[in-house]
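J.: Mind having a look at this structure? Questions to follow.
The values are calculated or read from the model by the stated rules, or taken from the named source; none is laboratory data. Keep in mind the model is a prediction, meaning the values are calculated, not measured. Cβ sites come from the backbone with ideal geometry, for glycine too, and all protein chains shown count toward neighbours. All accessible areas refer to the heavy atoms of the entire protein, side chains included, with ligands and DNA or RNA removed. Shrake-Rupley method; radii C 1.70, N 1.55, O 1.52, S 1.80 Å.
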Amino acid sequence: MTFKHITEEKLSLPTEFPALPSMGGYVLFAGIVRDINDGKQVTHLEYEAYSEMANQMIANIIADAFQKWELQYAECIHRLGKLNLGEVAVIVSTGSIHRDEAYKANRYIIDRVKHEVPIWKKEFYINGSSEWSKGCVDESHEH
């Protein structure tokens, strides 16, 4: 089954932004696999999800962002499967008439995706051990 917001395909950063004449600000966030977390050397990650529910929840979060701000554009896609260091795990892009709304909406979308959407991250370490991420503990995002 194919989903708009969840994929097992490698993600690439967009080389162009949407051509919308009233869009004056465009914000792109990319979550990238890094080599360290909580002082442990990471070799790679694996993401799993309840894909159908995750896809619908991301769509709902984007719809909520359109209700909160006057957006011209908003998109989010999250990758599943094994990701190596430096690979893109998630992309959120937002566009609006003014930059402030694009920034706020982008942060809102990624924060809600990390806190609410059933996507699980397993970290693999250089010493051969692994563990499921404890998830996001920052409660500063707004609903």
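J.: Which of the residues belonging to the range 105-121 are open to solvent by 50 Å² or more (accessible area, probe 1.4 Å) and farther than 24 Å from Q67 by Cα?
T.: Result: W120, single match.
J.: Still on this structure, I have one more. I'm checking my understanding of the structure. Among residues of the range 9-59 that are surrounded by fewer than 12 Cβ atoms within 10 Å (Cβ to Cβ) and among the hydroxyl-bearing types (S, T, Y), which one is farthest from I77 (Cα to Cα)?
T.: Result: S22.
J.: If you don't mind, there's one more thing I want to ask. If the Cβ limit is 8 Å and pairs must be 6+ apart or interchain, which residue in the range 1-28 that is under 20 Å from N84 (Cα atoms) pairs with which residue that is in a loop (DSSP other than H, G, I, E, B)?
T.: Cβ pairs passing all conditions: I6/L80; T7/L80; E8/L80; K10/E87; L11/E87.
J.: Go through the range 31-88 and count every residue that is small (G, A, S), within 23 Å of W132 (Cβ to Cβ) and within 16 Å of the chain's Cα centre (by Cα).
T.: 6
J.: If a residue must be in a strand (DSSP E or B) and touching a helix residue (DSSP H, G or I) at 6+ places or on another chain (Cβ under 7 Å), how many such residues does the range 91-114 contain?
T.: 4
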